[in-house]
Amino acid sequence: MFTVTDYQELVALNRALMEVRYLADNVDDATRGSSFLSILHVRVVDAIKATLSESGNAGQLSDWEKWQLLENRERELPRIMKYLATFWPGLPSEEGKRSVMISMLRPFIFTDDDLQRLISQLDEMMANGPSDIDE
Amino acid sequence: MPHNLNYLADSLGDDVFFHYTDEAGHAAIMNGGVVKANSKGVSYFTQDMVSAGDANNVLFAGNPAYAGRGSYVIAFRISPDRLMAGVQPNELVHGGSFRFSLDDVIFHGENPFG
């Protein structure tokens, strides 16, 4: 069993996942959209928060909870939309769209309204042409 | 405007952000009036007050190539709406290079946090 419990190692893992899943250029499409990495990312952030909770560090725990809010992800969200636009028209169903959007949005915290708004936004962007999607 | 530790202590607030660097970086930034963007087109700031010894782990993911980058600190007054959330809560990102005037600097010099 491979486990990571050191706070700084977990934070470094989160940095790596943020780069690969959102910020780095020239990442293989399958890797960027991997559902396994999405689930792993959730587990890493949960582990970071659990470490802080166990050590009684309420201030830093609160900072991570704020960091997780989708409304604060000004850099990542345009990149998520740009990535999803590359295959959005080929998704066969609304359920498929929800599934890939949720996978990309995790580990950030979002509401059902956020989810529907972003799906509608992407549908509209694709209807208007991909030039509407800028970072 | 004084750029000393007492002035920093009196000026701390939500709009004070630190850039950690080394001696050469400190000189280049203060001489040039700019924190240059990196290869990703962003410059980095934090509100964490960390010692030179802790900076590598806390800010630079333990990267040995960044050893010494926390030995100097420049504290800027920056409107928070100019910065974006980074990849961890203690990292704030400015899109592009950050140009400043000396009036924006409230401290610069060797890391005062230990």
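Any read-out appearing in this document is the output of simple, stated calculations on the displayed coordinates, not a laboratory observation. The structure presented is a predicted model; accordingly, all values stated were derived computationally and were not measured. Because the Cβ atoms are built from the backbone with ideal geometry, glycine has one as well, and the counts that use them run over all protein chains shown.
Miscellaneous remarks
- With respect to the conditions (1) under 20 Å from B:V93 (Cα atoms); (2) within 12 Å of chain B (Cβ to nearest Cβ), A:E9 falls short on a single one, namely (1).
- Region A:43-56 - residue that is in a helix (DSSP H, G or I) and not β-branched (V, I, T) and, of those, surrounded by the most Cβ atoms within 10 Å (Cβ to Cβ): A:L52
- A:G59 away from chain B (no Cβ under 11 Å), part of a helix (DSSP H, G or I), of a type outside the set (K, R) and surrounded by fewer than 19 Cβ atoms within 10 Å (Cβ to Cβ): no
- Just so you know, in region B:50-66 the residues that are surrounded by fewer than 14 Cβ atoms within 10 Å (Cβ to Cβ) and not small (G, A, S) include one that is farthest from the other protein chains (Cβ to nearest Cβ), and it is B:P64.
- Among residues of region B:79-91, those that are in contact with a strand residue (DSSP E or B) (Cβ under 9 Å, 6 or more places away or on another chain) and over 14 Å from B:V42 (Cβ atoms), counted: 2
- Some residue of region B:95-113 being in a strand (DSSP E or B) and within 14 Å of another protein chain (Cβ to nearest Cβ): yes
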